[in-house]
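The values are calculated or read from the model by the stated rules, or taken from the named source; none is laboratory data. In this text the structure is predicted, and so the values were computed from the model without any measurement. Please note: Cβ atoms are built from the backbone with ideal geometry, for glycine as well, and neighbour counts cover all protein chains shown.
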């Protein structure tokens, strides 16, 4: 973060100053007192289960200079009407000060975090790069990430999530992106938006925020995203099959995509370390950014080939005494569920074992929820999955063809299926974030270790 005094910050956010006006802040704000470091601001946010005002003393002991609060406390603070609003105002000011910073916004129904990680890996070679940990993509995460930038930062990568129209437009007002990436318009959060058209309109807010000098990076995997080029008067790069940036001669080896990257600059081989054919579209989005920035194709291809999985619970591979567990428990929607299942089948074919898909509910699908779950159940049968284990999700349907469907009411009940695992089998664990399936993945691994005679 750029260095500011408490007095300057109070003036910017319109707050009441209750500390020394000359206190210097040089670190981005934190909202968890355990993460406080010398020189930072502590955000006293009130949540469902805890009130940040109760942890200000802990933050001060860890080095926080003062807190942003909504009422006077015993300790240095700036009192504001709303902490999140004040945070946004501060981030917007810092963004305007950093005139040499290139801000890249990423949105889409899926793939944002993987694309962010790949892009950060590539751009870090070019210059100092800031990006959020995990999927820190909302009114809290975006300004905190932006405030990590200082005069030395060359690139800032920001994920932009949305649950309502106007959410992305509001984030763009703060971030003022130079480059906007829309990956794909799908059905995630369909229940909240009401229609795919409404989702598309919301994602397009990123493209509409770009000035004439901005660059739009658009996928071609649905009808809505490439059409957003009409909303932008500046340069547009489209990626995907038969597009300006594309992949040819695609092969999947041990679950990882290998392909030739083709751009206007030429052609180069890519062998990804990330799992799943769906990573190709994420890689092409990154390659499109590199193309727009006129980076050498050799650098782009090398970066895509060396990037490791940087975010937890996203197609994590755990090879445990002959059993391969794919922990993709971070989130789920119909598109990502289908992609994960196809990867599961490929892994099982390569290893010669049975395929097990432990799946939970895909949330926020609205009225289409039942049909979308049933469609995934049908897909699982069609692509040859051996066992579909549905936990508290009867919507996946009943047994079809040779595939066995096992229904359980809870994680506690389903873990008995480990008795039927064999070396060479492949297990996928996937559901929406709210289902907490990372716990299931850990328990399956522990039980298999115990079965193999190893202390977990």
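Things to note:
- All of (1) buried (at least 21 other Cβ atoms within 10 Å of the Cβ); (2) modelled with pLDDT of 95 or more hold for residue 299 with one exception: (1).
- Residue match in the range 284-292 (condition: surrounded by 23 or more Cβ atoms within 10 Å (Cβ to Cβ), in contact with a strand residue (DSSP E or B) (Cβ under 7 Å, 6 or more places away or on another chain) and over 22 Å from residue 218 (Cα atoms)): no
- Residue match in the range 169-176 (condition: over 26 Å from residue 10 (Cβ atoms) and in the same structural domain as residue 221 (by TED's automatic domain parsing)): yes
- The single condition from (1) touching a residue at least 60 places away in the same chain (Cβ under 8 Å); (2) over 18 Å from residue 332 (Cβ atoms); (3) in contact with a strand residue (DSSP E or B) (Cβ under 9 Å, 6 or more places away or on another chain) that residue 352 fails is (3).
- Residue count, the range 323-373 (criterion: within 22 Å of residue 407 (Cα to Cα) and part of a loop (DSSP other than H, G, I, E, B)): 14
- Residue match in the range 20-36 (condition: surrounded by 14 or more Cβ atoms within 10 Å (Cβ to Cβ), in contact with a helix residue (DSSP H, G or I) (Cβ under 8 Å, 6 or more places away or on another chain) and assigned to a strand (DSSP E or B)): yes
- Selection status of residue 364, on the phi > 0 side of the Ramachandran plot and surrounded by fewer than 22 Cβ atoms within 10 Å (Cβ to Cβ): yes
- Options 219, 191: the member that is touching a helix residue (DSSP H, G or I) at 6+ places or on another chain (Cβ under 9 Å), in contact (Cβ under 8 Å) with a residue 60 or more places away in the chain and surrounded by fewer than 24 Cβ atoms within 10 Å (Cβ to Cβ): 191
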